[in-house]
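Structure, as structure tokens:
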Amino acid sequence: MIKNTISIVQWIWLLSILSILTLTHNVYAQEWAQKANMVNPRLFFSVSAVDSEIYVIGGMLASPIDSVEAYVPDTNKWVEKASLPSARAGVVSCEVDGKIYAIGGWDGQNPALGTVEEYDPKTDTWRKKADMPTPRSFFSAAVVAGKIYTFGGVAQNVGPVLSVVEEYDPTTNKWTQKANMPNTRSGMAAIVFRNKIYLIGGVQNVQGPTVKTVEEYDPSTDRWTQKANMPTSRTALTVGKVNSKIYAIGGTSVVQGPGLATVEFYDPLTDTWEKSIDMPTARVFLGAGTVNNKIYAVGGVVEGLGPKILPTVEEFNLGGLSVAALDKFLTFWGNMKIQN
């Protein structure tokens, strides 16, 4: 009888520990780690993740570049890939069915481009596709149901800022006009949750000020919904999604101002924001890719447009029990088994 009583008590303790681990999971599992630098530092580039690799596309140094590199998290190494057919800065990229579409930007001669080029990682080759109807840069894009949606941006570096939205269907290689954004915006981040697109931060005018605005776009209805503002107004930030949470990372609160280390996460299910742990390296104009529930923050600059362009890569680990919490659980479970 005593042995059974002890067993029941032990099980109560076990359930308590499991509850504590669940509650503390989101706090203690979040940690940043330094990873291998990019081979070629760059500014105004784009990032896309495909098949557990992170591709960094285009950008600029003194002028637009065509360089493409892939980061392999499993080996912590960078591999050079086939160059973009046309050197571009301010380019935006999206992955659809294992292929990357590099869209828009500028080439140093034209203030903005509608250029679209498709990359196949399996063959390491590029091919030309139908141009985006509205040439632009500093816009955002996201994919829902195999279609790419492009939002806002600027017609040239001095403006104007746009509210235009266009949809690209890779299967037909055609573009379609969609409902404009409620407000003009550029420099914002875009990400998908449950087939809806969330646009976060940015600026409504080229010189600012930055905004906290979050708007949800539903491609199925072609309608917009206002959501809870991000706590920190910023532009030129990046985003990643892990475990149904959207993480807003870095950027700047002042146009051409210092970069931020700030990380805040949004829960689309409750329409609420919370603070997360800061990124080790404060930066603006960075990019991010997510592989195996880890967000990789890539590149950027410390302030404004420079002067130092960073090759920095930092991994944000959000997937799994913390080492400390897991050790406590294993120790407790081991003691229980010994007593029995």
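Kindly indicate the residue of the range 139-153 that is of a type in the set (Phe, Trp, Tyr) and part of a strand (DSSP E or B) and also nearest to Arg185 (Cα to Cα) among those meeting that condition. This residue is Phe151. Among the candidates Trp126, Trp106, the residue that is in the same structural domain as Gln256 (by TED's automatic domain parsing), among the hydrophobic types (A, V, I, L, M, F, W, C) and either farther than 20 Å from Val206 by Cβ or in contact (Cβ under 8 Å) with a residue 60 or more places away in the chain (or both) is uniquely Trp126.
When the range 59-77 is examined, which residues are found to be of a type outside the set (A, V, I, L, M), more than 13 Å from Val298 (Cα to Cα) and touching a Gly at 6+ places or on another chain (Cβ under 9 Å)? Hits for the range 59-77 are Ser63, Pro64, Asp66, Ser67. Residue pairs whose Cβ atoms lie under 6 Å apart, sitting 6 or more positions apart in sequence or on different chains, and linking a residue in the range 206-223 that is in contact (Cβ under 8 Å) with a residue 60 or more places away in the chain to a partner that is among the aromatic types (Phe, Trp, Tyr), are Tyr217/Trp224.
Scanning the range 269-287 for residues that are assigned to a loop (DSSP other than H, G, I, E, B) and either in contact with a helix residue (DSSP H, G or I) (Cβ under 9 Å, 6 or more places away or on another chain) or closer than 27 Å to Ser46 by Cβ (or both) turns up Ser276, Ile277, Asp278, Met279, Pro280, Thr281, Ala282, Phe285, Leu286.
Among residues that are assigned to a strand (DSSP E or B) and either of a type outside the set (D, E, K, R) or surrounded by fewer than 16 Cβ atoms within 10 Å (Cβ to Cβ) (or both), Gln226 is included.
Per the listing Val206, Val165, Val143, the residue uniquely crowded, with 21+ Cβ neighbours inside 10 Å and either among the hydrophobic types (A, V, I, L, M, F, W, C) or not assigned by TED's automatic domain parsing to the domain that holds Ala297 (or both) is Val165.
The values are calculated or read from the model by the stated rules, or taken from the named source; none is laboratory data. Not measured: the values here are computed from a predicted model. Glycine also receives a Cβ, built like all others from the backbone with ideal geometry; neighbour counts cover every protein chain displayed.
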